[in-house]
Each structure stands twice: as C-alpha cells, then as structure tokens.
Amino acid sequence: MTINSVSVRDLSLSFGAVTVLETLNLDVKDGEFLVLLGSSGCGKSTLLNCIAGLLDVSEGQIFIKDKNVTWEEPKDRGIGMVFQSYALYPQMTVEGNLSFGLKVAKLPQAEIDKRVARASEILQIQPLLKRKPSELSGGQRQRVAIGRALVRDVDVFLFDEPLSNLDAKLRSELRVEIKRLHQSLKNTMIYVTHDQIEALTLADRIAVMKSGVIQQLADPMTIYNMPENLFVAGFIGSPSMNFFRGEIKDKGGRKVIEINGVDFAMDAYPARGPMEAGRKVVLGVRPEHVKVDEPGEEIHDAIVDIEEPMGADNLLWLKLAGQTISVRIAGARRYAPGRAVKLSFDMSMASVFDAVTENRV
Amino acid sequence: MAEVVTLNNPSAKAGTVTKLAAGPKGKKPRPMLSPRNIMIYGALIFAAAYYLLPLYVMVVTSLKGMPEVRLGNIFSPPLEITFEPWVKAWSSACTGLNCDGLSRGFWNSVRITIPSTIVSIAIASINGYALANWRFKGADLFFTILIVGAFIPYQVMIYPIVIVLREMGLYGSLTGLIIVHSIFGMPILTLLFRNYFSSLPEELFKAARVDGAGFWTIYFKIMLPMSLPIFVVAMILQITGIWNDFLLGVVFTRPEYYPMTVQLNNIVNSVQGVKEYNVNMAATILTGAVPLIVYFVSGRLFVRGIAAGAVKG
Ligand SMILES: Nc1ncnc2c1ncn2[C@@H]1O[C@H](COP(=O)(O)OP(=O)(O)OP(=O)(O)O)[C@@H](O)[C@H]1O
Ligand SMILES: [Mg+2]
C-alpha cells in the first residue's frame, strides 16, 4: 500500500491581500502520522482547515484517498477533526456529542449505538456518556472530542493543537494515548502543533513550516540531526542549537571553520558538497554534541558561566570564542561557575549552513 | 499535642498565643451607621424615591374617586379605595369615536406586538447567524448597509413607506404595521445577533460542519440552544419598543386598529367633559403594565444576555 492518503497540490490560499499559503505541496502516506510543526501564525491551522474543507482554497487541489475533494463539503471528505478548544456542543451530553454527526447522516440507531459504544470503550469514557461537557475536566473533554472523530469511522484524522489547552501532566498522558490510538487504528493522522516535543515523540514524519512554506519534511531523527536549513535547526531542540558565524578556511590541507580567530576542524563533518575556502557559513552544534573534559581530537578552552542542573541532565553555559555556548552533560557531573574546562566537538553530528542562503552545506 | 508544646519551650509559646488571641480576629466589624453606609444607602434611597414618587402618585390617584381627586392632595393616600377608574379605563372610557375603553387598544397592541416580535427576531437571528458564520460574498457590504439603516431617522422614511404599503394594498392594516415594525427592528437586532454569534467559538461551528450539519441544522441544533440569553434580550427590546410605539401606530393604522398607546393618548387628551384624572392614571398604568411585567419576569436573563453580548462582543 503505497497510495497517498492525503495529497496537497500547489495549494495557495489568501485572505484578501494576505497570502497565507503559497503553492504548497504535501503528500501524506497511508497510515502515516504526520505532524505539522511551526510557530504561531505560520499557517498550520489554515492548511489543516483547507484539507478539512472548512476553508475554500484560492488555488490548487486536494486529494484524499486519491479522490479529488477540492470542492467537496467537509462531511464528504472522509475526515474527522479534533480542535484545540475541544469544540464540544455544550447543550448536548457526551453521548449526544458523539452521535450528532451520525444522526445528521441519518444512520440507523443500532449502528449509531454500536459506534458510540466502541469509541467510548477505546477512549474509556463510558461512565461520562450521560454528562454535559461542562461537567468534564479538560482531559475528558478532549477525549470526547477525539471520540467524535472516531465514531465517524474515517480514514484521516486531523488534529489542530489538541493538547495545548491542557496542563503539562495531562498533555503527556494524552500524548501517549494518541500514539497508542494511532498504533491500534493505523489510520492517517495529520497533527498540528507548535510543541516540538509532541512533534518529535508522535510523528512518523514532521513537516516544519515557516510563513506558509514547508521548510523540511522528514522523519523526526533526520529533522533533529540533519536540519535542512537554519530555521529548522533553530526551531527544533531545547535548548536550541549553538550557532557560530565563521568562514571556511584551508589550513594545511584540512578544512576548518574559523570563528573569531578560533579554528574548528571539519574533517568529520559529512558535507554534501565541496566546502570552498572563503565561504561564509554558520556552524551549528547541539548542546549534547559537545564533550566536556573528555579526550578528543581537538580541544578548546572555555570558562563555565552558568550551571543549570535539571536532574537527569546538567546544562552548562560557557564562554567560547567570544560567544555563549550551551552544553548538556550528565546530571551527576557538576561544574561551578568560573571553572576552566576543555571542550571537544563531535563534528560528525554538527550542521553547517551557508550564511547567505541559510541552507545546509 | 500538649507534649509537643512542652518540648518547644512552653512559656514562650503560651505568651505568643495569648498575645495573638487579644488582637483582631475573624470578620472585620462594619457598623451599620458608618458615614460610608449612610452616604451609599442615602443616595440609593433618594434615587429610588425620586423615580418611584410619580408611580406612587399615579397609583393612589387611580384608586380615588373624582370628589377626592378634586381636593388636590395628590400625595395623600385614598380615603376610600375604589376600582371604578380602572374598570372605566379598561372598558368604557371614551376615545374620540367609541367608548369601549382601552381594552380594544390592548388587544390591538397584542396583535401587533406578538407577530412583529416573532417575525423580526426570527429574521434578524438568521441574518446575524449568516453574517457571523457563513461569510458569504458581499456580507460586509450587506452588513454596512443594514447598520447605516439604523442611523436614518424614522421620520425620513415614513412617507415613502406609506406609499409602498398603499401600493401593496396593506396601508392601514395590522399586517402593514407588523411589516413596518419588523423592518425597523432589523438593523439593531441583526447587529445584536451577529455580535452574539460571532462571540461563540468558531471551532464549534467548524466541528458541526465536519459532522455534516448544514445551514439550518447548525442554526437550530447548535446555535439556538446556546443563545437563549440573547433571544431574551431581543424579545424584551422588541416587546417594549413595539408596545411603546406611538408614531408608527398612528401613521400606519386606521382608528379601529390603533394600538394601546394611541388610545391612551386619545383618552387623556380628549377635550369633551371633565378631566378624569383617576381614569387617566389607571389607563396609563394599564398601558405601561406590559413592558413593566416583561422586565420583572425576565430581568435576570436580560442582564445576563446583555453582559454576554457586551463582554465577548
Ligand atoms: N480569517 C482570516 N482572515 C485574515 N487572516 C487570517 C484569517 N485566519 C488566519 N489568518 C492569518 O493567517 C495566518 C496563519 O494563520 P493560522 O491560524 O493558520 O496560524 P497557525 O499556524 O495555526 O497559528 P497558531 O499556532 O497560533 O494556531 C496568520 O498570520 C493569521 O493572521
Ligand atoms: Mg492554529
């Protein structure tokens, strides 16, 4: 089964003079969990609403299960949707909320009962069926909202930041539940979020968006380790990647990046193309790819500025080559501020971006 | 517990406890007759009396016989309570041509107010819903035109409407007046409903669309049940507005269809015979009773609806 579940072709959408999406293309595979990740206002919800049919596209086409649904009503697209604000009908009971769409579709009562029973069993909301949404907690409400998509028996689920109204603990609980749901149902899910943890933990593939353009579409590990451009590199990861502006130089046959007079050897970096000397670049290194006081090929001296113990990890902020750099080490290793340390970089895990195009080198 | 106290230097502990117990404790006492209270309650009582006094005069006068009214002590309570003036005002006071009291006007007003209220609210709520949720082409233009309509003085439109109704053969009929009332209520009611529906979460509407509900299903099943307060507000606005209307009633109907307000005017201002102040007072109270009752019955819902519209709108 390699058919695409959802395909977006050259999609453009503008509100009056404001263009939110421009010739966007996206293919979601059958049964895939795709996360749309981006900062606020970048057009994630807009894209999702276009796929759902809640917004008329200005240009382009949308296919669901290889059927052109560009002009179809939301109900005819075979999608279920879960919203950030839950959007439960306040005057109806949980059961009423679950069965509303089925009643509108004039399904036989027996079938309605069957589907409501199944959905409420999967989501463990049977005891709540007779309650009104106002009598539920946030987590329970969101479960009911998921149930409302579930009873529709559709191939594609659309989630618009379903967890962002919940507190941290509930969020991680429901996150696991959504993942479990996807594993058991195996249907296609498109999930919008601005939370990178959610994206990394849930996704089969992540589409990182910025002002209406998909910057990179890849599996979480590729996104994390080999970001396609500076935006993706800076957006993913907490604390974010360390960036150093510098210039590529040829020193004794070795490629190095010179940053404020300090040389960083780039032999281990898996470059995509030639690294011409004189090119202005940005070197990106994640906090966990810097080793502190461990043997390495190239040692740089640095001074500990601030220490942030976080339990399992210990985060050090150091001064190096005139810049601040964050380094993640094991929580048990403590360093007092002011202490001199020796750093070595794992350049095989680093990223180098062109300073002008901001794309990966 | 006692042991713990003993362990922790008992003498010091006991000392603090007595000192603490002596200090202020619990609810802070507020004397009833503080200057602050006197100011607040005094002002409130004064304002209430100021507004209630005319009503008091009306009620006591309406309960007096004519001889007692002539004495001129308008504030004195009736020596001898009589309901004669009320009966007369309702059923036999003369209004120009006929002498069957306000009852005819009352029923006319009922026949005008109820259909006008229902028709105007039904149409305006659908307008507001369409404007708020179904951003159709030209919606903004339509809305602007409607709002401009709210600022055009009535008087400017009266003559053109008279001609239109005459051409339609509805001039002078109750139907004509009902249409006029419904149209005049449209701008403000549409605005009211549009703002209210816009304040409801948009995702609810989207969820209903994903669930397959169409224009009418969403309106009746989702929007209406959530909108009781605003419907009450609209109802009160319309009932009181239409019931109290004088100008449109006198312009657009024939004497046999005159609403209560017009008849009240005719009773109070009739030139023949002596001025029966007690009957006039009773007639006035009777005419004002309907809006008054509406306010009393639905006041709480009214406030809730206004607040909902104001805060979220
Ligand atoms: N109805 C509208 N009219 C005009 N502009 C709109 C409308 N809806 C959204 N926009 C604009 O489109 C852009 C994208 O909005 P969208 O809701 O898709 O962002 P988002 O990525 O979902 O953000 P968030 O994470 O805050 O939900 C925003 O800049 C927003 O201002
Ligand atoms: Mg959004």
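Could you tell me which residue of region A:71-83 is farthest from the other protein chains (Cβ to nearest Cβ), considering only residues that are outside any helix (DSSP H, G or I) and touching a helix residue (DSSP H, G or I) at 6+ places or on another chain (Cβ under 7 Å)? The residue in question is A:Val82.
Looking at A:Ser172, is it assigned by TED's automatic domain parsing to the domain that holds A:Leu107, polar (S, T, N, Q), over 16 Å from A:Ile122 (Cβ atoms) and within 16 Å of ligand 2 (Cβ to nearest atom)? For A:Ser172, the condition - assigned by TED's automatic domain parsing to the domain that holds A:Leu107, polar (S, T, N, Q), over 16 Å from A:Ile122 (Cβ atoms) and within 16 Å of ligand 2 (Cβ to nearest atom) - is not met. With a requirement of 1 or more residues that are under 30 Å from the mean Cα position of the chain (by Cα), the strands (runs of 3 or more DSSP E) lying completely within region A:253-361 that satisfy it span A:280-285, A:290-292, A:300-309, A:313-320, A:323-330, A:340-345, A:351-354. For region B:156-166, the count of residues that are buried (at least 21 other Cβ atoms within 10 Å of the Cβ), closer than 23 Å to B:Leu247 by Cα and in contact with a Gly (Cβ under 6 Å, 6 or more places away or on another chain) is zero. On inspection, B:Phe151 passes the criterion of being of a type in the set (Phe, Trp, Tyr) and under 24 Å from the mean Cα position of the chain (by Cα).
Would you check which residues across region A:50-90 are within 16 Å of ligand 1 (Cβ to nearest atom), crowded, with 21+ Cβ neighbours inside 10 Å and small (Gly, Ala, Ser) and list them? Result: A:Ala52, A:Gly53, A:Ala87. State whether one or more residues within region A:257-272 are of a type in the set (Lys, Arg) and crowded, with 16+ Cβ neighbours inside 10 Å. No, there is no match, as no residue in region A:257-272 is of a type in the set (Lys, Arg) and crowded, with 16+ Cβ neighbours inside 10 Å. Of all residues in region A:23-49, those being assigned to a loop (DSSP other than H, G, I, E, B), away from ligand 1 (no atom under 15 Å from the Cβ) and touching a Lys or Arg at 6+ places or on another chain (Cβ under 7 Å) number 2.
Residues in region A:45-63 that are out of contact with any helix residue (DSSP H, G or I) (no Cβ under 8 Å at 6 or more places or on another chain) and more than 12 Å from chain B (Cβ to nearest Cβ): A:Thr46, A:Leu47, A:Cys50, A:Ser58, A:Glu59, A:Gly60, A:Gln61, A:Phe63. Residues that are in a loop (DSSP other than H, G, I, E, B) and under 11 Å from B:Tyr277 (Cβ atoms) within region B:66-78 comprise B:Gly72, B:Ile74, listed in sequence order. Set side by side, the residues A:Pro295, A:Pro337 differ, and just one is surrounded by fewer than 14 Cβ atoms within 10 Å (Cβ to Cβ) and under 26 Å from A:Pro270 (Cα atoms), which is A:Pro295. Among the numbered conditions (1) surrounded by 14 or more Cβ atoms within 10 Å (Cβ to Cβ); (2) out of contact with any Pro (no Cβ under 9 Å at 6 or more places or on another chain); (3) without any contact (Cβ under 8 Å) to a residue 40 or more places away in the chain, the only one that B:Gly138 does not meet is (1).
Taken over region A:86-132, residues that are touching a Leu at 6+ places or on another chain (Cβ under 8 Å), within 14 Å of chain B (Cβ to nearest Cβ) and polar (S, T, N, Q) amount to 2. Once region B:219-241 is narrowed to residues that are touching a residue at least 40 places away in the same chain (Cβ under 8 Å) and among the aromatic types (Phe, Trp, Tyr), the residue that is surrounded by the most Cβ atoms within 10 Å (Cβ to Cβ) is B:Tyr219. The residue of region A:5-22 that is nearest to ligand 1 (Cβ to nearest atom), among those that are over 13 Å from A:Ile214 (Cα atoms) and under 20 Å from the mean Cα position of the chain (by Cα), is A:Val6.
The values are calculated or read from the model by the stated rules, or taken from the named source; none is laboratory data. These numbers were taken from a predicted model, which means no experiment stands behind them. Ideal geometry is used to build each Cβ from the backbone, glycine not excepted, and the neighbour counts take in all protein chains shown.
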